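One structure is given below, encoded as C-alpha cells.
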Amino acid sequence: MAPILYFAYGSNLHPARLAARAPSARLIGTGCWPGRRLTFHKIGQDGSAKCDAPVASQPTDQVHGAIYELADADLGRLDRIEGVGTGYDRSLVKIDGDLGSVTANAYLARPGWVDPGLKPFDWYRLLVLAGAEHHSFPDSYLAAISAVSAIPDPDRGRADSNLSLILGDRLGGASRGVQ
C-alpha cells in the first residue's frame, strides 16, 4: 500500500501537536499549496477561529506546510480530531515541495463553518507560528501569522496545555516528537 501523505498547514505544523495526534507521522518535507491563502476563519469546536486554506484572490498566493507520511489509523484519528463532516472536509490536494509535486490529504473548512469575524485564541496562533518557525518558512509568512489578531482563551487549563507544547519545542522537546 502506498504511504498516506498529509499536508499540515495549521496547528498540526507543530511537531509535538502532530505527534500527540498521529504518532506514526514522519516528516518527509515541506511544500506550498499554490493559489491558496492561510486564513484564521474556520469555526472551531471551542468557538474560536482555526486555520483554513481557501482559494486566494491572487494567483501568486500560497499556503506553506509540512508533508508527512501517516499510518491509515492515524489519518482516521486526525479525521475525528479535525471534525471531518462537522467542520472540515478532507481533500486530496496538489502540493509543490521538496519532493516535487505530490498529492496529499489536507483539511478545508466546510461551507457554513466559516466566520471571517472570528478570532483565534492566542495560544492557537502561537502554535501555528511556532510550527511555521520550526519548518523555517519565509519571514514574510511568519510576519503574516504574527499579525493575525487573537484573543485570550477563557479556559486557562486548555491554554496552558497547548502553550506547554510550544515551550517543549523551545526547550528541545520537539526533537523527541515527530521525525
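The values are calculated or read from the model by the stated rules, or taken from the named source; none is laboratory data. Here the structure is a predicted model, which means the values were calculated and not measured. Cβ: placed from backbone, ideal geometry, glycine included. Neighbour counts: every protein chain shown.
If you go through segment 29-45 and keep only what is at pLDDT 95 or above and in a loop (DSSP other than H, G, I, E, B), you end up with 35, 37, 38, 44.
Listed by first and then second residue, the pairs linking a residue in segment 133-155 that is free of Cβ contacts under 8 Å to residues at least 12 places away in the same chain and more than 17 Å from residue 37 (Cβ to Cβ) to a residue that is part of a loop (DSSP other than H, G, I, E, B) and among the polar types (S, T, N, Q), with Cβ atoms under 7 Å apart and 6 or more places separating them unless they lie on different chains, form an empty list.
Return a yes/no flag: does segment 1-18 have any residue that is touching a Lys or Arg at 6+ places or on another chain (Cβ under 9 Å), part of a loop (DSSP other than H, G, I, E, B) and either buried (at least 16 other Cβ atoms within 10 Å of the Cβ) or free of Cβ contacts under 8 Å to residues at least 60 places away in the same chain (or both). Looking for residues that are touching a Lys or Arg at 6+ places or on another chain (Cβ under 9 Å), part of a loop (DSSP other than H, G, I, E, B) and either buried (at least 16 other Cβ atoms within 10 Å of the Cβ) or free of Cβ contacts under 8 Å to residues at least 60 places away in the same chain (or both), one finds at least one in segment 1-18, hence yes.
In summary, helices (runs of 4 or more DSSP H) completely within segment 54-172 and bearing 3 or more residues that are closer than 21 Å to residue 40 by Cβ, among the small types (Gly, Ala, Ser) and out of contact with any helix residue (DSSP H, G or I) (no Cβ under 6 Å at 6 or more places or on another chain) occur at 139-146. Per the listing 117, 87, 97, 168, the residue uniquely of a type outside the set (Phe, Trp, Tyr), modelled with pLDDT under 95, out of contact with any Asp or Glu (no Cβ under 8 Å at 6 or more places or on another chain) and over 20 Å from residue 26 (Cα atoms) is 87.
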